[in-house]
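Worksheet: the structure to be examined is printed underneath.
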Amino acid sequence: MTEMPKKNLDVVVAGAGFAGLYLLHKFREMGLTPRAFEAGDDVGGTWYWNRYPGARCDIESIDYSFSFDPELEQEWQWTEKYATQPEILSYAQHVADRFDLRKDITFATRVEKAVWDEDDALWTVTTDQGETVTARFFIMATGCLSEPKDIDIDGVENFSGEIYRTHSWPHEGVNFTGKTVGVIGTGSSGIQSIPLIAEQAENTTVFQRTANYSIPAGNGPIAPEKLAVTEHYQDYRAEARKTRVGVPGKEAMDFALTVSEEERQERYEELWAKGAIPHLGSEFADILLNEEANETLAEFVRSKVRSKIEDPELAEILTPTEFPICTKRACLDTNYYETFNKSNVDLVDIRKNPIRTITESGIATQDKEFDFDAIVFATGFDAMTGALMAVDIRGRDGQSLRKKWEHGPLNYLGLTVEGFPNFFMITGPGSPSVMTNMVLSIEQHVEWIADCLGYMADNNLSVIEPTATAENGWVDYVTATADMTLFPKAKSWYMGANVPGKPRVCLPYLGGAAAYRRACDDVAADDYLGFRFDGSEGSQCN
Ligand code: NA7
């Protein structure tokens, strides 16, 4: 394809999910010229791609929405406690229409390469459609759970039946009626989709490697008291910003191990009935820090799981024991465990009986062969760094981000990288985003970056880059924070442990949304402490 003429933009944004949309809106308000490239045919990001049956958000819909425009906030009506994928996608489309954002988005186009040009202080960004543009700033808004994990099971190419992957489900949907279906993976995507697949299919066989902790969502119409918060939405949002998880609620000051057994059980029963995961790990201050404390909640959930499953042998396989509760993301379900009581649903414990290979007709484990019409892979993502490293990003002196991150994602504030001037990430590694209400974190990141660009304009500065000292300090702080918790004990995607060969480092910052916001605000208030600037006024290093 012939190269199109270069165009000068202020900002190139990769991705038009929630982050990309808000970036476009914000930059336009500032009088900048932004442009986004989006791989999908429409906006929505995660909610555009993940169309598997049962796909829902695990943050309540009242919380999972933008707060930046009070009119938008009031005009949009959510219908259920936990919104479905189609409803969230409609919301993203509504935001795009309302602010006329589509005109700055090129769809069905992936950013392939971005190269920093030192002499011109510009990024040159190339797409898979052969287009090249230049911009002062380059922002990756490609999401933290968007790059699928490669299928690491032999023989997939031999299967003659239908193959589906939860993260890129066919837009027209899939009808499993009369079919035998194998599902691999029991993370959130598996746990949400299995009950609905099993409702349709003639027979469903689930291949479980690690049993997960899941609590019932208790979904339905939004409770009146929750709906009432929209009457004082802005105060409610302000409250959310002060919390660890970005959702208003109690921040525990007492310890699971110091209250009475009776009180503990009562509080766990309330948590269970609430059907919400943001505060699961913070009901007591020691749940994520102390194994014995964690075990009290884990055992409570295990007893609930056992009570739902009729066959004691099945119950034992489905009962999670391998990692402290909440150190892998807990799941929310609707009839997940109950599904295994159906006579046409089977469970294979692949920890005991591992998958050998995918065959022409199905799946072969160590001691049995299964025939399927369809296999569903719900095997997860190369989380937090996968989408960033999928693009060939070259900073100062041609340095590649992939090379720089060979042993882990070095970054400052989860927003910037030393050696990569005028480059920002939204919800990148080193930020708390995946531990929080994602929309709240996205808003905070976008607003911080917009303020930073405003500061640069006000001070005639054209280039920003973090110092190596600041970067090392932040990475050490993120690691030290993780080491105080039980998270390193789980083979989770938080720890990079789900992808063979990926460096084992804690990817998110675990100190919470409020502490993170304070750190970012302090850096800005201190004239962007830890950053080096260049501009017409000369160089400055803070
Ligand atoms: P997850 O949570 O990473 O779950 C992936 C599941 O797939 C998990 O049960 C894995 O078992 C399983 N898996 C992965 N690879 C294999 C192989 N090779 N063989 C067998 N089983 C495998 O991804 P999800 O998409 O469900 O959810 C991601 C996030 O999206 C979720 O946390 C929410 O935040 C929303 P394992 O546990 O590794 O033994």
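The values are calculated or read from the model by the stated rules, or taken from the named source; none is laboratory data. Only a predicted model underlies this, so the values are computations on that prediction, with no experimental measurement involved. Because the Cβ atoms are built from the backbone with ideal geometry, glycine has one as well, and the counts that use them run over all protein chains shown.
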For residues in region 138-183 being assigned to a strand (DSSP E or B) and buried (at least 23 other Cβ atoms within 10 Å of the Cβ), which is farthest from the ligand (Cβ to nearest atom)? F138
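Would you confirm, using the coordinates I've provided, whether A390 is within 11 Å of the ligand (Cβ to nearest atom), of a type in the set (A, V, I, L, M) and over 13 Å from G155 (Cα atoms)?
no
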Within region 353-367, track down each residue that is surrounded by fewer than 16 Cβ atoms within 10 Å (Cβ to Cβ), of a type outside the set (S, T, N, Q) and over 30 Å from the mean Cα position of the chain (by Cα). E360, D367
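Residue-wise test of (1) under 19 Å from A490 (Cβ atoms); (2) within 16 Å of the ligand (Cβ to nearest atom); (3) in contact (Cβ under 8 Å) with a residue 12 or more places away in the chain.
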site: G281; (1), (2), (3): yes, yes, yes
site: E295; (1), (2), (3): yes, no, yes
site: V301; (1), (2), (3): yes, no, yes
site: S307; (1), (2), (3): no, no, no
site: T321; (1), (2), (3): yes, yes, yes
site: T339; (1), (2), (3): no, yes, yes
site: S343; (1), (2), (3): no, no, no
site: I350; (1), (2), (3): yes, yes, yes
Kindly list the number of the only condition in (1) over 26 Å from A293 (Cβ atoms); (2) within 16 Å of the ligand (Cβ to nearest atom) that fails for Y494. (1)
Any residue in region 393-408 that is more than 16 Å from N472 (Cβ to Cβ) and surrounded by 11 or more Cβ atoms within 10 Å (Cβ to Cβ) sitting within a Cβ distance under 6 Å of a residue that is basic (K, R) and modelled with pLDDT of 95 or more? List the pairs, counting only those 6 or more apart or interchain. S400/R394
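Please note which helices (runs of 4 or more DSSP H) are completely contained in region 249-334 and include at least 3 residues that are of a type in the set (S, T, N, Q) and modelled with pLDDT of 95 or more.
Output list reads 291-308.
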Given the conditions (1) part of a helix (DSSP H, G or I); (2) under 24 Å from the mean Cα position of the chain (by Cα), which single one is not true for C452? (2)
Of all residues in region 215-244 being in contact (Cβ under 8 Å) with a residue 60 or more places away in the chain and hydrophobic (A, V, I, L, M, F, W, C), the one that is nearest to G511 (Cα to Cα): A240
Report, by residue number, each residue of region 184-200 that is within 16 Å of the ligand (Cβ to nearest atom) and part of a helix (DSSP H, G or I). S188, S189, G190, I191, Q192, S193, I194, P195, L196, I197
Conditions: (1) within 16 Å of the ligand (Cβ to nearest atom); (2) at negative phi. I105 meets all but one. Number of the miss? (1)
Answer yes or no: is there a residue in region 368-375 that is assigned to a loop (DSSP other than H, G, I, E, B), without any contact (Cβ under 8 Å) to a residue 24 or more places away in the chain and surrounded by fewer than 24 Cβ atoms within 10 Å (Cβ to Cβ). yes
Checking the conditions here, which among A450, A468 is over 29 Å from I62 (Cα atoms) and either crowded, with 19+ Cβ neighbours inside 10 Å or not charged (D, E, K, R) (or both)? A468
Which ones in region 201-218 are within 16 Å of the ligand (Cβ to nearest atom) and closer than 18 Å to A273 by Cα? Y213, S214, I215, A217
